[in-house]
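Worksheet: one structure, shown below.
The values are calculated or read from the model by the stated rules, or taken from the named source; none is laboratory data. Just so it is clear, the structure is predicted and the values come from calculations on it, not from any experiment. As a convention, Cβ positions derive from the backbone with ideal geometry for all residues, glycine included, and neighbour counts pool all protein chains shown.
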Amino acid sequence: MKKLVFAVLLTTSFVMLAVWQRHFLLFELPGSSAPPPLLDVVEESGSSYWYDDYFLVDQIDSQTFAIGEPRYYQQNFSYLILGTESAILFDAGPGLRDIRPVTNSLTDLPITFIPSHFHYDHIGNTITFENVAVIDLPYLRRRAESNSLKLTWAEHLGSSEGIAAPTLEIDEWLPINSSLDLGERVLQVLYTPGHTEDSVSLLDTKSGMIFSGDFIYPGALYAFLPTSNMGDYLVGAETLLENAKFDAELYGAHRSSAPGLPLLATEDVLDLRAALIAIKNRELEGSGIFPRMYKVNERLDILAEPSWLQNWVPDSKD
Ligand SMILES: [Zn+2]
């Protein structure tokens with residue numbers, strides 16, 4: 001009998017341990033207080049130039065610039081997208097340095113800042129932008145009194161690097177699938193949740209170029225964070241595929257190795273969708289305990305919770 005009680009207790013503790021993994025993350029993350037030291041400068045590609053000793057600029061075409069932070073350990077890339085009348089800055093990095101002098105050196109047009117999502121390494125944190133536009137989701141609107149949106153810990157996660165969650169002053173709410181007319185250039189706002197419930201991608205309707213934030217980039221995709229959802233990830237992949245040209249270029253928000261931009265193609269989104277469906281059907285084996293790593297292709301992996309903790313019911317976002 002004692003043996004049975006011991007066995008039950010042991011099993012229960014293992015189950016509890018697994019269930020509380022996500023909460024360990026909550027305790028773990030606030031433990032750090034500063035970003036790691038800057039990485040050394042490495043040889044970058046010939047198409048790019050250093051703005052200073054921190055920001056790297058790469059001109060994708062005459063009206064599109066990638067602004068990299070390759071010395072920040074997460075190797076962020078933000079994008080300045082110009083029309084003839086206005087410009088969009090998609091993401092702003094962690095705010096270790098102010099990105100605005102870089103964007104101002106590249107255009108005189110009025111710039112609207114759109115975060116791909118609210119994680120601390122994308123919103124610039126202490127940097128104040130003149131115009132801020134975010135995805136129009138009912139639960140965000142409800143929270144945003146007088147258009148001031150105080151980000152939650154789970155949305156922001158900045159405590160991992162000692163960065164407090166800021167309040168965003170929102171000038172414009174972007175309905176899902178709405179169009180942004182920059183003058184002779186139109187961007188469509190695609191809702192691509194999965195990595196977080198507030199993630200968007202931008203589609204350049206003419207060139208087919210897609211800016212995909214943390215939804216998809218070369219490397220390991222994080223699908224196990226506090227507002228991640230595997231069902232949403234599949235919905236987001238479907239949305240990208242409905243809108244992506246067969247040979248679209250997708251520019252992500254992080255690169256996993258130097259040099260070059262975090263560039264992917266439509267076939268990577270096809271592979272992502274196939275992998276998600278295979279994970280859902282328990283046909284693709286992962287490795288590791290938490291998070292589990294699932295190989296998508298040579299360029300992509302998905303980091304997810306173990307299968308029995310994965311949530312495949314898309315969130316309603318009401
Ligand atoms: Zn993120």
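Laid out as a table, the results:
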read-out	value
Boolean, Ala154 is among the small types (Gly, Ala, Ser), surrounded by fewer than 20 Cβ atoms within 10 Å (Cβ to Cβ) and part of a loop (DSSP other than H, G, I, E, B)	no
Flag for Ser228 being surrounded by fewer than 18 Cβ atoms within 10 Å (Cβ to Cβ) and within 16 Å of the ligand (Cβ to nearest atom)	no
Filter result (more than 16 Å from the chain's Cα centre (by Cα), surrounded by fewer than 20 Cβ atoms within 10 Å (Cβ to Cβ) and assigned to a loop (DSSP other than H, G, I, E, B)) within region 241-258	Lys245, Phe246, Asp247, Ser257, Ala258
Given (1) within 16 Å of the ligand (Cβ to nearest atom); (2) out of contact with any Lys or Arg (no Cβ under 8 Å at 6 or more places or on another chain), number of the condition Ala248 does not satisfy	(1)
Test: residue in region 93-107 that is assigned to a loop (DSSP other than H, G, I, E, B), in contact with an Asp or Glu (Cβ under 7 Å, 6 or more places away or on another chain) and away from the ligand (no atom under 16 Å from the Cβ)	no
Hits in region 154-165 - residues which are in contact (Cβ under 8 Å) with a residue 40 or more places away in the chain, among the hydrophobic types (A, V, I, L, M, F, W, C) and more than 15 Å from Tyr222 (Cα to Cα)	Ile163, Ala165
Subset of region 173-203 (residues that are in contact with a Lys or Arg (Cβ under 9 Å, 6 or more places away or on another chain) and either free of Cβ contacts under 8 Å to residues at least 40 places away in the same chain or among the β-branched types (Val, Ile, Thr) (or both))	Val186
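Residue by residue, here is whether (1) surrounded by 13 or more Cβ atoms within 10 Å (Cβ to Cβ); (2) at pLDDT below 95; (3) part of a loop (DSSP other than H, G, I, E, B); (4) of a type in the set (S, T, N, Q) holds:
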| site | (1), (2), (3), (4) |
| --- | --- |
| Phe27 | no, yes, no, no |
| Ala34 | no, yes, yes, no |
| Gly46 | no, yes, yes, no |
| Asp52 | no, no, yes, no |
| Val57 | yes, no, no, no |
| Ala66 | yes, no, no, no |
| Tyr79 | yes, no, no, no |
| Glu85 | no, no, yes, no |
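Each row is one residue, and each column tells you yes or no for (1) surrounded by 18 or more Cβ atoms within 10 Å (Cβ to Cβ); (2) outside any loop (DSSP other than H, G, I, E, B); (3) within 16 Å of the ligand (Cβ to nearest atom).
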| site | (1), (2), (3) |
| --- | --- |
| Tyr233 | yes, yes, yes |
| Gly236 | yes, yes, yes |
| Thr239 | yes, yes, no |
| Gly260 | no, no, no |
| Asp268 | yes, yes, no |
| Ala275 | yes, yes, no |
